[in-house]
1. Only one of (1) at pLDDT 85 or above; (2) out of contact with any helix residue (DSSP H, G or I) (no Cβ under 8 Å at 6 or more places or on another chain); (3) not in a strand (DSSP E or B) fails for residue 148. Which number is that?
2. Examine segment 192-209 for a residue that is at pLDDT below 85 and either assigned to a helix (DSSP H, G or I) or under 13 Å from residue 71 (Cβ atoms) (or both), and state whether such a residue exists.
3. Please go through segment 7-32 and pick out each residue that is assigned to a strand (DSSP E or B) and in contact (Cβ under 8 Å) with a residue 40 or more places away in the chain.
4. Can you name the residue in segment 172-191 that is assigned to a strand (DSSP E or B) and at pLDDT 85 or above and, of all such residues, is farthest from residue 101 (Cα to Cα)?
5. Examine segment 63-79 for a residue that is closer than 23 Å to residue 226 by Cα, modelled with pLDDT of 80 or more, in contact with a strand residue (DSSP E or B) (Cβ under 8 Å, 6 or more places away or on another chain) and in a strand (DSSP E or B), and state whether such a residue exists.
6. When you look at residue 142, is it modelled with pLDDT of 70 or more and under 23 Å from residue 210 (Cβ atoms), yes or no?
7. Within segment 12-23, does at least one residue satisfy the condition of being more than 27 Å from residue 152 (Cβ to Cβ), modelled with pLDDT under 90, more than 17 Å from the chain's Cα centre (by Cα) and exposed (fewer than 13 other Cβ atoms within 10 Å of the Cβ)?
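The values are calculated or read from the model by the stated rules, or taken from the named source; none is laboratory data. Predicted model only: the values in this text are computed from it and were never measured. No Cβ is skipped: glycine too gets one built from the backbone with ideal geometry, and neighbour counts run over all protein chains shown.
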């Protein structure tokens, strides 16, 4: 299958692309972060006014208190069980335990949760009873690009384009009665992240390792990464 690109990123299966470098996608002080895909109906509604910043070409500060954003994207079966979540972020100071970055609560709580504990990458499976901890820590002083790929109960995680963890769920990730949340997630027990978020990409399919690397290579110059 041919891979279509938009500004060198993979667009095949891309349903939501929030990019703070696109200044036309938001107005400082508003509550809407628009999708940069003109043919997609999805966007992100922020709780409280947008706190914008010029860091790395543009970012939205999620302050860690009451600040998070709900998209109007509800993962649907069967695409929920084959999907990719990518977020580019940089912590703003200390990181709390279970700081949510991105996720949703699936049907019967079988959903997707990505976050930090406090500098370790953690993915929580469902109802707070299953959590997968990576032995990889993030560098809080740089921008990090975290990508999670879900397909056939296999969960593959990449940090800055490098494969760091592969786990197997004992269940299928389910469609969602709640929307994907940015800066936290909708399962219980998580706190709002205190972080700058630069970019969020949601795909309704599983990206290959080459495609994950392609997206990272498209972003690394902007973020001063190698």
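1. The failed condition is (3).
2. no
3. 9, 10, 14, 15, 16, 17, 18, 19
4. Out of the qualifying residues, it is 181.
5. Among the residues of segment 63-79, not one is closer than 23 Å to residue 226 by Cα, modelled with pLDDT of 80 or more, in contact with a strand residue (DSSP E or B) (Cβ under 8 Å, 6 or more places away or on another chain) and in a strand (DSSP E or B), which makes the answer no.
6. Judged against the criteria, residue 142 is not a match.
7. no
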